[in-house]
């Protein structure tokens, strides 16, 4: 996928997993809803912003009763990264699991930790 990073609901940041949200008009192939290991690259920036490992969520955020389908990327091990307004390419490498609705924020955060750990191993 290729598109601009836009502001979302800031839930990822509140949960400790700030995400780069793709604009709805982004271009490219979007896989089935789920969580993926992949890469985020910023177009037109230095090499330090190329091929950054990421855990990527595709779906409606059912835990929060979301209705809009989104693509959100958590760039692994990059603190303070501000990509708002940047053009990025998101590459999907491997599906980790389907989209699920969680009963509590604690359960969701535990699963997100596991997703990031799995993505880190796959992308190593």
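The values are calculated or read from the model by the stated rules, or taken from the named source; none is laboratory data. Remember, it's a predicted structure, so these values are computed and weren't measured experimentally. In this analysis, Cβ positions are derived from the backbone assuming ideal geometry, glycine residues included, and neighbour counts consider all displayed protein chains.
Here are some residues: 20, 54, 67. Which one is in contact with a strand residue (DSSP E or B) (Cβ under 7 Å, 6 or more places away or on another chain) and at pLDDT below 95?
Details: 54 fails: at pLDDT below 95; 67 fails: in contact with a strand residue (DSSP E or B) (Cβ under 7 Å, 6 or more places away or on another chain).
The unique qualifying residue is 20.
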Restricting region 40-68 to residues that are within 20 Å of residue 103 (Cα to Cα) and without any contact (Cβ under 8 Å) to a residue 40 or more places away in the chain, the residue that is nearest to the chain's Cα centre (by Cα): 60
Hits in region 78-101 - residues which are touching a strand residue (DSSP E or B) at 6+ places or on another chain (Cβ under 8 Å) and at pLDDT below 90: 78, 81
Cross-chain or 6+ apart pairs with Cβ under 6 Å, region 92-115 first and exposed (fewer than 15 other Cβ atoms within 10 Å of the Cβ), then modelled with pLDDT under 95 and assigned to a helix (DSSP H, G or I): 101/62; 101/63; 109/15
Some residue of region 30-39 being touching a residue at least 60 places away in the same chain (Cβ under 8 Å) and in contact with a helix residue (DSSP H, G or I) (Cβ under 6 Å, 6 or more places away or on another chain): yes
Given (1) farther than 15 Å from residue 119 by Cα; (2) surrounded by fewer than 21 Cβ atoms within 10 Å (Cβ to Cβ), number of the condition residue 21 does not satisfy: (2)
